[in-house]
Amino acid sequence: MIRLYQYAPAWGMNVSPFTLKLETWLKLSNLDYQTIALRTPSQSPKGKLPFIQDEDGTRVADSSLIIDYLKRTRKIDPDHELTERQRAEAISLQRLFEEHFYFVLSHSRWIDPLGWATTKSGYFGFLPPGVRDLVSAVVRRQIRRAQHAQGIGRHSQDEIYAMGRADLRTIAVLLGNRSYFFGDGPTTIDAIAYGFLANIYFVPIETELKRIALEFDNLRLYCERLGQGLGFLSVAAGSGSPQ
Ligand SMILES: N[C@@H](CCC(=O)N[C@@H](CS)C(=O)NCC(=O)O)C(=O)O
């Protein structure tokens with residue numbers, strides 16, 4: 001069975017957009033997997049999570065490279081019916097989520113004081129109080145540096161959230177009132193979208209970014225439908241509740 005290494009859950013939820021993307025993809029591809037919860041990414045071949053270990057011991061890191069590897073080795077491809085144009089649109093959207101929106105989301109959790117209070121208790125609550133303050137401050141400083149190097153950390157919070165709103169509006173317009181981004185069934189871009197959007201709607205980090213996301217009803221309903229369909233959200237729990 002595939003061993004999927006990801007972060008330990010917080011609030012009962014897979015709180016990394018990249019690991020939730022991969023877990024969603026595994027579910028929509030009907031592949032069996034076992035999750036292994038880690039507190040740090042230090043075991044990963046690339047120093048980030050997720051990574052997988054296959055039955056023969058092969059280790060692959062990076063959610064997209066893992067998906068390519070599984071498509072190849074399992075001879076499955078939820079994207080096989082996409083046209084060239086749809087593939088191009090999917091890549092553009094993926095880059096929007098992963099290379100831009102990710103940093104807005106990361107700002108809302110790690111830098112915005114409102115988000116940080118919740119992130120700190122949710123991610124580091126397992127540590128005793130003194131150690132928690134120290135460790136969380138070190139990780140927060142690393143993330144602040146990474147955001148500065150990437151560039152987003154040089155903008156004001158208002159500017160960052162305005163960019164987030166533009167990202168979400170773009171995603172909402174491209175989805176429209178369809179059930180999936182392309183065709184009648186989920187493809188890889190739906191796994192990516194779920195990984196990121198569920199990490200806003202269903203995680204109890206209450207920031208301006210979540211308020212903005214809640215303006216886009218079609219995205220919220222899409223996430224609830226996907227989450228229920230894939231068994232991440234229980235129907236009885238209703239909207240916004242993790243499983
Ligand atoms: N391109 C990678 C990105 C993975 C990623 O950024 N993972 C974050 C968590 S959301 C991480 O492990 N960060 C740890 C670090 O940067 O030290 C993928 O698609 O898997």
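The values are calculated or read from the model by the stated rules, or taken from the named source; none is laboratory data. Being a predicted model, the structure only gives us computed values, none of them experimental. Using ideal geometry, Cβ is built from the backbone for each residue, glycine included, and neighbour counts are taken over all protein chains shown.
Among the criteria (1) without any contact (Cβ under 8 Å) to a residue 12 or more places away in the chain; (2) under 16 Å from the mean Cα position of the chain (by Cα), the one residue 75 does not fulfil is (2).
Of all residue pairs spaced 6 or more apart or on separate chains, none has beta-carbon atoms under 9 Å together with a first member in the stretch 13-33 that is not assigned by TED's automatic domain parsing to the domain that holds residue 50 and at pLDDT 95 or above and a second member that is β-branched (Val, Ile, Thr) and within 7 Å of the ligand (Cβ to nearest atom).
The criterion of at least 1 residues that are at pLDDT 95 or above and touching a strand residue (DSSP E or B) at 6+ places or on another chain (Cβ under 9 Å) is met by the following helices (runs of 4 or more DSSP H) wholly inside the stretch 135-243: 188-201.
When you go through 131, 104, 139, 135 one by one, which is the residue that is within 16 Å of the ligand (Cβ to nearest atom) and more than 19 Å from residue 9 (Cβ to Cβ)? Walk me through how you get there before you give the answer.
Values: 131 fails: within 16 Å of the ligand (Cβ to nearest atom); 139 fails: more than 19 Å from residue 9 (Cβ to Cβ); 135 fails: more than 19 Å from residue 9 (Cβ to Cβ).
Going through 131, 104, 139, 135 in turn, the sole match is 104.
In the set (1) more than 13 Å from the ligand (Cβ to nearest atom); (2) free of Cβ contacts under 8 Å to residues at least 60 places away in the same chain; (3) not acidic (Asp, Glu), the condition left unmet by residue 70 is number (2).
Of the residues making up the stretch 68-90, not a single one is assigned to a loop (DSSP other than H, G, I, E, B), closer than 20 Å to residue 200 by Cβ and at pLDDT 95 or above.
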